[in-house]
Amino acid sequence: MKYQSFFWDFDGTIFDTYPIMVRAFMQALMQQRVSEIELDEQEIYETMRQHSFGTARQKFSAEFSLNAERLEQDYRQIERQQISQAQPFAGMLALLQQLADEGGTHYLLTHRNQSAMALLETAGIKKLFTDAVTSEQPFPRKPDPASLNALIERHKVQRPSAIMIGDRTLDIDAGHNAGISGALFDPGRLIDSRASHPEIDVTNVIGLRQALLQ
C-alpha cells in the first residue's frame, strides 16, 4: 500500500452521523417555535456538510430571529440523547479492518467529544485505533494542523506514507498543512474540492477502498 498511516475524521467519514445531527438541529429549532414546514432538511444538511454546525447555527438563528446560544444548547442536549443511534457507513468497518490487516495504523482526529470513542467501542473497532484527538483536548480546530502534527510526532509517523481522510475541505487542508496527503470522502458530491486538491476524491466506501489499497 502507498499509505501506511491513516488519520480519520469521524462525523460523515467513519460514521454517518449527519442524519441524527440534522434531525436534532430541526428539533432544536422547533423547540424555539419554528414550524416544521418552514424547515428545509436538505438545506440544513448541506450547510453542515459544506461548512460547519457553527455556520448552520448562525445562519438559521438569524433567519428565524432566534438566540444562537440557546439554539446550540438545545441542539447539544438533543443530539447527546440520540447520537448512540448513529451507524458507520456500510463497508467502512471492513475497510478499517482490512487496512489494519495489511499493516496500516489508524488514528482518529475529530471535533466531536468522547462520544466518538464510545461509538467506536460499540462498533467493535476502537481497538483498531492507535491514538485519538477529540474535542476535549486543547488543540485548535482543523484546518489548523496542530493536532495532526501532535499525533504524527508522538508516533513518529512517516509523512510521505500518511493521509488524512475526511468529508470536508478542512480535513484535506489540515492534512496538507501538516505535510501529508488528503482523501476527500464526499457522499452526494456536495464539496467543491478544486481549491484543496485532495490526492483521493471519492463518493463511497468502495471507491475509498480501491484508492487506499493500491
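The values are calculated or read from the model by the stated rules, or taken from the named source; none is laboratory data. Here the structure is a predicted model, which means the values were calculated and not measured. In this analysis, Cβ positions are derived from the backbone assuming ideal geometry, glycine residues included, and neighbour counts consider all displayed protein chains. Ligands, DNA and RNA are stripped out before the accessible areas are found, and what is left, the full protein with its side chains, is counted by its heavy atoms. Shrake-Rupley method; radii C 1.70, N 1.55, O 1.52, S 1.80 Å.
Inspect all residues belonging to segment 29-42 and state whether any of them is within 27 Å of Pro140 (Cβ to Cβ) and either crowded, with 16+ Cβ neighbours inside 10 Å or not assigned by the TED database to the domain that holds Ile191 (or both). No, there is no match, as no residue in segment 29-42 is within 27 Å of Pro140 (Cβ to Cβ) and either crowded, with 16+ Cβ neighbours inside 10 Å or not assigned by the TED database to the domain that holds Ile191 (or both).
In segment 79-108, the residue that is surrounded by the most Cβ atoms within 10 Å (Cβ to Cβ) out of those that are of a type in the set (Asp, Glu) and assigned to a helix (DSSP H, G or I) is Glu79. Applying the criterion of at least 3 residues that are farther than 20 Å from Tyr45 by Cβ and in contact with a helix residue (DSSP H, G or I) (Cβ under 7 Å, 6 or more places away or on another chain) to the helices (runs of 4 or more DSSP H) found wholly in segment 109-214 leaves 115-123, 205-212. If Tyr45 meets every condition in (1) within 30 Å of Lys126 (Cα to Cα); (2) open to solvent by less than 10 Å² (accessible area, probe 1.4 Å) apart from one, which number is that one? All conditions pass for Tyr45, except number (2). Of the residues making up segment 9-28, those that are assigned to a helix (DSSP H, G or I) and surrounded by 15 or more Cβ atoms within 10 Å (Cβ to Cβ) are Tyr18, Ile20, Met21, Val22, Arg23, Ala24, Phe25, Met26, Gln27, Ala28. For segment 85-95, the criterion of being free of Cβ contacts under 8 Å to residues at least 60 places away in the same chain and over 27 Å from Asn177 (Cα atoms) is met by at least one residue. Count of segment 43-76 residues, restricted to those that are among the aliphatic types (A, V, I, L, M) and either farther than 20 Å from Leu190 by Cα or not in a helix (DSSP H, G or I) (or both), is 4. Taking segment 109-143 on its own, how many of its residues are charged (D, E, K, R) and open to solvent by less than 60 Å² (accessible area, probe 1.4 Å)? Here the count works out to 3.
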